[in-house]
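Okay, structure first, notes after.
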Amino acid sequence: MPSPSLQSMPRRHARIIAAWLLVGCALVAATLVVGGVTRLTGSGLSMVDWEPVSGVVPPMSAEGWEREFAGYRDSPEYRLVNRGMSLAEFKRIFWFEYAHRLLGRVIGVVFLIPFAVFLLRRMIPPSLIPRLLLLLALGGAQGLLGWWMVQSGLVDIPRVSPYRLTAHLSLAVLVYALTLWTALSLLRPVTVTCGDPAWGFGGKLRRGAGVVLGLAGLTLLSGGFVAGLDAGLVYNTFPRMGEGWIPPDLFGASPWWLSPFEDRTTAQFNHRILALLLLGGVTALWWACARRAPAPATTWAHAGFATAWAQAVLGVATLLLFVPIPLAALHQANALVLFTALLGLTFELRRSEAGARALATDGGTGVA
C-alpha cells in the first residue's frame with residue numbers, strides 16, 4: 001500500500017494529523033461494530049427514508065414517532081415479517097439503525113472540519129492532500145452505498161441484498177485500512193535507524209504478511225455473505241457440518257457458481273475454510289516473526305496470533321450456540337481487531353525493509 005512522501009513535514013504537524021486520523025479510524029470501527037449489531041438485530045430496515053441532514057434529529061414527540069412508524073408500516077418488512085409490531089418494539093429496532101447512521105454523519109463532520117482547518121493553516125503537505133481527498137470521496141460513496149443497500153430491502157423482499165451488504169462492508173474496511181495506514185505512516189516514518197542491512201529475508205516475510213492480510217480481508221468479507229444470508233443458522237456443528245465433513249447440499253444455487261454468494265450452506269462452508277486457512281497462516285507468520293522480525297513487528301505478530309485464536313474460539317462458539325447476538329457481535333468486532341493487527345504487522349515489516357534499503361545505500365528519511 002503506497003504512501004505519500006512526507007519528508008519535509010514537521011513532526012508536530014505529523015502527530016496532530018495522525019491523531020486526527022486515528023480518531024477517524026476509531027469512529028469507522030465503531031460504525032462497523034454498530035452496523036453488525038444492526039444486522040444481527042434485524043434493525044437495518046427500520047428507517048425507510050434517507051435524510052442526510054434532517055435525519056440527524058430523531059423523532060422528538062409522539063406525533064413524530066407515529067409518522068416514523070407509519071412509514072415503516074408501509075414497508076415489506078412490516079407487512080411480511082413484523083405485522084402487529086407495537087410502537088415500543090419499533091423504537092427498539094429504530095435506535096440501532098439511527099445510531100449506525102448517526103455515526104456515519106459524525107465521521108463526515110470529524111473529517112471535514114479539521115481537514116479544512118489543516119488546509120487553511122498549511123499543515124498538510126501537497127503530497128498528502130490527494131490521499132485525504134480520496135478518503136473524503138470514499139466516505140461519501142460509503143453513505144450512498146449504504147442507502148443503496150437499504151433500498152434493496154424496501155421493494156418486495158424484506159431483506160437487503162447480500163451483494164450490496166458485502167459491498168458496503170468492503171468499502172468500510174477499505175476506508176479503515178487506508179486511514180490507519182496513513183496514520184501509521186505519519187507516526188512512524190522510514191528512517192535509516194529503523195533498518196538493519198543484515199535483514200535480508202525481510203522482503204519474503206513482508207510479502208507473506210501481505211498475503212495473510214489479504215486472506216484476513218477475504219475472510220472478513222465472506223462473513224458479510226454469511227450475515228446477509230443468515231448462513232450461521234445452518235449446520236450448527238463443528239468441526240463437521242452435520243454428519244459429514246462436506247455437506248450434501250453444497251453448491252445448491254442455480255446456476256451453481258453463484259452458490260458462494262447465494263446459497264447458505266456454501267457461504268458457511270467457504271467461511272469455515274477461509275477461517276481455518278487464516279488461522280494457519282497467522283500462526284505460521286507469528287512463528288516466523290518471533291524468530292526473525294524486529295521488535296515492533298514482533299509485537300504486532302503476537303497481537304495477531306492471540307487475536308486469531310480468540311477469533312476461532314468466538315466463531316465456533318457463535319456457531320454452536322445458534323448465533324446469540326452478543327457473541328456474534330463480539331466475533332464481528334474481533335475480526336476487525338485481527339485485521340488491524342495484521343495491517344500493523346505488514347506496515348512494520350515494510351517499514352523495516354525500506355529502512356534496511358535506505359541504510360544499505362546510506363540514504364535519508366522517508367515514509368513507508
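The values are calculated or read from the model by the stated rules, or taken from the named source; none is laboratory data. If you're wondering where the values come from, they're calculated on a predicted model, not measured in any experiment. Virtual Cβ from ideal backbone geometry, glycine too; neighbours counted across all protein chains shown. The accessibility values were calculated without ligands, DNA or RNA, using every heavy atom of the protein model including side chains. Shrake-Rupley method; radii C 1.70, N 1.55, O 1.52, S 1.80 Å.
Restricting attention to region 10-40, which residues are in contact with a Pro (Cβ under 7 Å, 6 or more places away or on another chain) and open to solvent by 50 Å² or more (accessible area, probe 1.4 Å)?
none
May I ask you to verify whether Arg79 is modelled with pLDDT under 95, surrounded by fewer than 17 Cβ atoms within 10 Å (Cβ to Cβ) and part of a loop (DSSP other than H, G, I, E, B)?
Details: modelled with pLDDT under 95: yes; surrounded by fewer than 17 Cβ atoms within 10 Å (Cβ to Cβ): yes; part of a loop (DSSP other than H, G, I, E, B): no.
For Arg79, the condition - modelled with pLDDT under 95, surrounded by fewer than 17 Cβ atoms within 10 Å (Cβ to Cβ) and part of a loop (DSSP other than H, G, I, E, B) - is not met.
Can you give me the number of residues within region 204-219 that are open to solvent by less than 30 Å² (accessible area, probe 1.4 Å) and of a type in the set (A, V, I, L, M, F, W, C)?
Final tally of qualifying residues: 5.
Of the residues Ala99, Ala70, only one is within 23 Å of Val160 (Cα to Cα) and within 22 Å of the chain's Cα centre (by Cα); which?
The match here is Ala99.
Scan region 41-63 and tell me whether some residue there is assigned to a helix (DSSP H, G or I) and acidic (Asp, Glu).
Within region 41-63, one or more residues are assigned to a helix (DSSP H, G or I) and acidic (Asp, Glu).
Please work out which residue is farthest from Gln142 (Cα to Cα), limiting yourself to region 61-110 and to residues that are in contact (Cβ under 8 Å) with a residue 24 or more places away in the chain and of a type in the set (Gly, Ala, Ser).
Ser75
Here is a check on your reading of the model: is Thr166 surrounded by 15 or more Cβ atoms within 10 Å (Cβ to Cβ), modelled with pLDDT of 95 or more and more than 30 Å from Ala19 (Cβ to Cβ)?
yes
Just for region 41-60: of the residues that are open to solvent by 50 Å² or more (accessible area, probe 1.4 Å) and free of Cβ contacts under 8 Å to residues at least 12 places away in the same chain, which one is nearest to Glu89 (Cα to Cα)?
Among those that are open to solvent by 50 Å² or more (accessible area, probe 1.4 Å) and free of Cβ contacts under 8 Å to residues at least 12 places away in the same chain, it is Met60.
For residues that are hydrophobic (A, V, I, L, M, F, W, C) and open to solvent by 30 Å² or more (accessible area, probe 1.4 Å), scanning just region 235-251, find the one that is nearest to Phe261 (Cα to Cα).
Per the stated criteria, the residue is Phe251.
Within 23 Å of Asn334 (Cα to Cα) and free of Cβ contacts under 8 Å to residues at least 60 places away in the same chain: is that true of Thr299 in this structure?
yes
Just to verify a result, which residue in region 296-318, among those that are open to solvent by less than 20 Å² (accessible area, probe 1.4 Å) and among the hydrophobic types (A, V, I, L, M, F, W, C), is farthest from Val212 (Cα to Cα)?
Ala297
Does Ala293 qualify as being open to solvent by less than 30 Å² (accessible area, probe 1.4 Å) and modelled with pLDDT under 95?
Yes, satisfied.
So which residues in region 146-157 are open to solvent by less than 30 Å² (accessible area, probe 1.4 Å), farther than 18 Å from Gly223 by Cα and touching a residue at least 24 places away in the same chain (Cβ under 8 Å), if there are any at all?
Val150, Gly153
Filter region 252-268 for residues that are touching a residue at least 12 places away in the same chain (Cβ under 8 Å) and either among the β-branched types (Val, Ile, Thr) or open to solvent by 40 Å² or more (accessible area, probe 1.4 Å) (or both) and give the result.
Answer for region 252-268, where residues must be touching a residue at least 12 places away in the same chain (Cβ under 8 Å) and either among the β-branched types (Val, Ile, Thr) or open to solvent by 40 Å² or more (accessible area, probe 1.4 Å) (or both): Gly252, Phe261, Glu262, Arg264, Thr265, Thr266.
Here's a check for you: in region 82-92, which residue that is farther than 22 Å from Ser161 by Cα and in a loop (DSSP other than H, G, I, E, B) is least open to solvent (accessible area, probe 1.4 Å)?
Ranking the candidates gives Met85 first.
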